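The values are calculated or read from the model by the stated rules, or taken from the named source; none is laboratory data. None of these values were measured; they are calculated from a predicted model. So basically every Cβ, Gly included, is an ideal-geometry build from the backbone, and we count neighbours across all protein chains shown. Just so you know, the surface numbers come from the protein's heavy atoms only, side chains and all, with ligands and any DNA or RNA stripped out. Shrake-Rupley method; radii C 1.70, N 1.55, O 1.52, S 1.80 Å.
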Amino acid sequence: MTRVVCHADIADVPLRRAVGDVHVVLYGRGRMPDGIARLGAGVMDAVSRIGFALREDAFDFLTIALAVTAADTFVLRELAEDRWSRRLELSVPLINPRLWGAVRAQLEEALRFLSGDSWSLSFQRGGPRRPSQAVIDGRRRRIDLSRSESACLFSGGLDSYIGALDLIAQGERPLLVSHAYRGDRRYQDRTAHALPVACARFSANAHPTWSGPSDVSMRTRSFNFLAYGAAAATAISQMRAGNRVTLWVPENGLIALNAPLTPRRIGSHSTRTTHPYFLQSMQNILDAVGLPVAIVNPLRHQTKGEMVLRHARDPAFVAQAVRTVSCGKWKRDGTQCGRCVPCLIRRASFHAADIADTTGYRSQVLAPVLGDIDLRDDLASVRSAVRRARQTAMEPWVLQAGPLPQEQLERDGCIEVFRRGIDELRSFLHANGLP
């Protein structure tokens, strides 16, 4: 068990610390002594630009999310017994620890499902405080919430671009919420500027920093992203008489389910960031603490190809769609690889919509990838899944990723979107000479 202890101020960090413990200053600024981590200064800055004091329960949720990000970043998976599943003891100071203590077990289970780790949470008094009114009043640039009735997670990728377009077409101007990792802001800005109307934006980077090594798997990044979204939606609610506000989480159904393509990809290769079970778990937690936020994935029963096809006749959409980023490895050199699972689903969606994909992929031609032992894993897994789908029952396969909704229409929608998503991949592989 690795103990991660979070603090509201550097002065709270004890001079004598147990070997192996990780100490973190939440919302910390400036250089920290060796062995002490910090994160969240940019989040505090973003919250101060709302223009008024955010509700304490929403701010505490941000604090919890930052603490989770710290543990996920500063504790290496390779040091776990199986080199993957860590045992994490996380101590977090909050404004109202009693409120969040009531949902501690639910939070631990949601995080376990999301990251594959064992979590033990404890909450104490003395948590970080919201930005002061003096700081808020001193902001020249503020987030204009006056025209926003909902919030929408906005990564700048193809799914979030389509999600925002759909909402705008329905007459909404959602507040776009971005987790602006280093390097992401540029294409997020580019995609936002391509929208037909200007939308307000809430954007922040947790930027975890310390003198030690960091883990890069970041399986809990969506927990942090949802906390940003919940804070943004709560701020809108505060401007609208406390009414419940929708937090849109646009993600195509195949990726949201992310059922393991092969038996060996269960676990470490199967992320669950927008799985319906995880989103429902988070909804239950927000409801229990009284946050006025409704989490909805409007694209959960659509494949990526079906989403793209709906907009395929719009030249402006096509021009921007091929400029979006889907690849998780693009940061290495600013080029999308073209062969990872997200890239293959993206490429299959353009093929399904009969759109010329002019994206400059590193592996433009796929056949040679299968002959490269260092590059072929994802492509081989997709090819195996396409073959497996001909003779495998869909529901048990999809259930390997996690429980499905009990309501029959929702359940059937999940199974059928997975089937259609695999069909899109099959068609794309066949078109590229990979039956």
Problem - Output for segment 310-330, where each listed residue is more than 25 Å from the chain's Cα centre (by Cα) and either surrounded by 16 or more Cβ atoms within 10 Å (Cβ to Cβ) or in the same structural domain as His351 (by the TED database) (or both) - result: Ala312
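Just to check your reading of the model, which residue among Asp159, Asp137 is over 25 Å from Ala348 (Cβ atoms) and not basic (Lys, Arg)? Give the derivation first.
On the way: Asp159 fails: over 25 Å from Ala348 (Cβ atoms).
After applying the criteria, what remains is Asp137.
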Practice task
Consider only pairs whose beta carbons are under 9 Å apart and that are at least six residues apart or on different chains; among these, list those whose first residue lies in segment 201-212 and is more than 15 Å from Tyr181 (Cβ to Cβ) and whose second residue is open to solvent by 40 Å² or more (accessible area, probe 1.4 Å) and part of a strand (DSSP E or B).
Solution key: Trp210/Arg38
Handout entry: Output for segment 342-397, where each listed residue is over 30 Å from Pro315 (Cα atoms) and of a type in the set (Gly, Ala, Ser)
Key = Ala367, Gly371, Ala380, Ser381, Ser384, Ala385, Ala389, Ala393
Completion exercise
Of the conditions (1) out of contact with any Asp or Glu (no Cβ under 8 Å at 6 or more places or on another chain); (2) in contact (Cβ under 8 Å) with a residue 12 or more places away in the chain; (3) open to solvent by 30 Å² or more (accessible area, probe 1.4 Å), the single one that Arg186 does not satisfy is (2)
Completion exercise
Residue count, segment 57-82, condition in contact with a Cys (Cβ under 7 Å, 6 or more places away or on another chain) and aromatic (Phe, Trp, Tyr), comes to 0
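Could you check segment 270-287 and list, in sequence order, the residues that are open to solvent by less than 20 Å² (accessible area, probe 1.4 Å) and over 13 Å from Ser222 (Cβ atoms)? Before you say what the answer is, go through the steps one by one.
Residues of segment 270-287 open to solvent by less than 20 Å² (accessible area, probe 1.4 Å): 270, 274-275, 278-279, 282-283, 285-286.
Correct list: Ser270, Gln283, Ile285, Leu286.
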Practice task
Please state which of the following conditions Asp137 fails to meet, knowing it meets all the rest: (1) open to solvent by less than 50 Å² (accessible area, probe 1.4 Å); (2) closer than 21 Å to Ala58 by Cβ; (3) among the acidic types (Asp, Glu).
Solution key: (1)
Handout entry: Residue ID - most open to solvent (accessible area, probe 1.4 Å), chosen from residues in segment 151-179 that are free of Cβ contacts under 8 Å to residues at least 40 places away in the same chain and among the hydrophobic types (A, V, I, L, M, F, W, C)
Key = Ala169
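Listed here are the residues, each with its yes/no results for (1) over 20 Å from Phe61 (Cα atoms); (2) without any contact (Cβ under 8 Å) to a residue 24 or more places away in the chain; (3) assigned to a loop (DSSP other than H, G, I, E, B).
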site: Val5; (1), (2), (3): no, no, no
site: Ala18; (1), (2), (3): yes, yes, yes
site: Val25; (1), (2), (3): no, yes, no
site: Gly30; (1), (2), (3): yes, yes, yes
site: Asp34; (1), (2), (3): yes, no, yes
site: Arg38; (1), (2), (3): no, no, no
Practice task
State yes or no: is Phe278 of a type in the set (Phe, Trp, Tyr), in contact with a Leu (Cβ under 8 Å, 6 or more places away or on another chain) and farther than 14 Å from Leu158 by Cα?
Solution key: yes
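Out of Glu108, Glu81, Glu56, I need the residue that is farther than 26 Å from Gly290 by Cα and in the same structural domain as Gln133 (by the TED database). Which one?
Working: Glu108 fails: farther than 26 Å from Gly290 by Cα; Glu56 fails: farther than 26 Å from Gly290 by Cα.
Exactly one of Glu108, Glu81, Glu56 is farther than 26 Å from Gly290 by Cα and in the same structural domain as Gln133 (by the TED database), namely Glu81.
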Fill in the blank from the handout: Within segment 68-119, residues being within 30 Å of Pro131 (Cβ to Cβ) and of a type in the set (Ser, Thr, Tyr) number 4
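Do the conditions hold for Phe52, that is, is it open to solvent by 30 Å² or more (accessible area, probe 1.4 Å), at pLDDT 95 or above, under 30 Å from Arg201 (Cβ atoms) and aromatic (Phe, Trp, Tyr)? Full working, then the answer.
Working: open to solvent by 30 Å² or more (accessible area, probe 1.4 Å): yes; at pLDDT 95 or above: yes; under 30 Å from Arg201 (Cβ atoms): yes; aromatic (Phe, Trp, Tyr): yes.
Yes, satisfied.
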